[in-house]
Amino acid sequence: KKMARTELVKGLWEYIKKHDLQNPNDRREILLDGPMKKLFGVDKVTMFSINKYVGAHIHPFKPVDLDSNTSSATPRKRKAAQQAKKGKEGDAKKSRKQGGQAPYRLSDALARVVGKDILPRPQVTQALWAYIRKHNLQNPEDKREILCDELLRKVMGQSKVTMFTMNRLITPHLLEKVDKSEYTHEDIEKSESENESNNNVGDDSESEQSESEEESEGSD
């Protein structure tokens with residue numbers, strides 16, 4: 001079925017209000033019922049993260065990436081931030097990239113897939129997508145679905161997963177945080193799906209987020 005993204009978001013908020021799914025103690029949080037849990041693969045979302053879960057169900061089926069934050073800035077502030085970022089490329093950009101999140105010691109099963117014993121979570125995600133692309137594991141009839149081979153099945157615990165459940169399933173394999181001195185950053189080639197995931201906070205989600213905020217305020 002074809003539907004404008006804004007109409008889809010509006011319909012979701014009508015469903016949320018009809019079934020009284022907003023947390024009464026925090027209206028920004030949505031406590032999912034059975035059908036929505038099955039759709040998104042989680043128990044709850046926020047009025048901001050719901051946009052990412054919606055993106056996994058509409059073309060081009062962007063995988064859920066909860067490591068990159070959805071900005072709540074206005075379009076004017078967003079544009080100013082983007083211009084400021086462009087002015088700090090080069091060494092500063094490389095420094096930010098390498099000095100990011102704390103690295104984790106990985107389980108043996110995950111290490112066999114990504115080829116490293118220690119990685120920060122964003123690099124784990126990138127390495128997983130590199131592995132998926134190398135071994136052609138995306139379902140050709142539904143790119144949101146990953147058909148696990150033997151090694152990946154030992155990590156995920158099942159024969160197939162979706163883009164938005166994969167991030168949750170790797171969490172138990174991040175065994176412990178380690179000192180950054182134990183990790184040396186290396187660039188990992190990103191797949192197209194991973195690049196789309198990192199761009200999931202683009203202009204198309206801006207209007208969606210604004211409408212989500214209006215719906216949330218109207219329901220108070």
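The values are calculated or read from the model by the stated rules, or taken from the named source; none is laboratory data. Keep in mind that this is a model prediction, so the values were computed, not measured. The protein model used for the area step is the full one, side chains on, heavy atoms only, and it has no ligands, DNA or RNA in it. Shrake-Rupley method; radii C 1.70, N 1.55, O 1.52, S 1.80 Å.
For the residues Glu141, Glu14, a 1.4 Å probe over the protein chains yields an accessible-area ranking, largest first, of Glu141, Glu14. Anything over 23 Å Cα to Cα? Flag those among Lys134/Lys154; Lys37/Lys134; Lys10/Lys44, in the order listed. Checking Cα-Cα distances, Lys37/Lys134 exceed 23 Å.
Sequence-ordered 3J(HN,Hα) estimates for region 115-125 from the Karplus curve with 6.51, -1.76 and 1.60 and θ = phi - 60° stand at x, 9, 8, 9, 7, x, 4, x, 6, 4, 4 Hz, glycine and proline given as x. Measuring with a 1.4 angstrom probe and ignoring ligands and nucleic acids, Arg105 comes out at about 80 Å² accessible. Ser49 contributes about 30 Å² of solvent-accessible surface, heavy atoms of the protein only, 1.4 Å probe.
Rounded to the nearest Hz, the phi-derived 3J(HN,Hα) couplings of region 157-163 under the Karplus curve 6.51 cos²θ - 1.76 cosθ + 1.60 (θ = phi - 60°) are x, 7, 7, 8, 9, 10, 4, where x marks glycine and proline.
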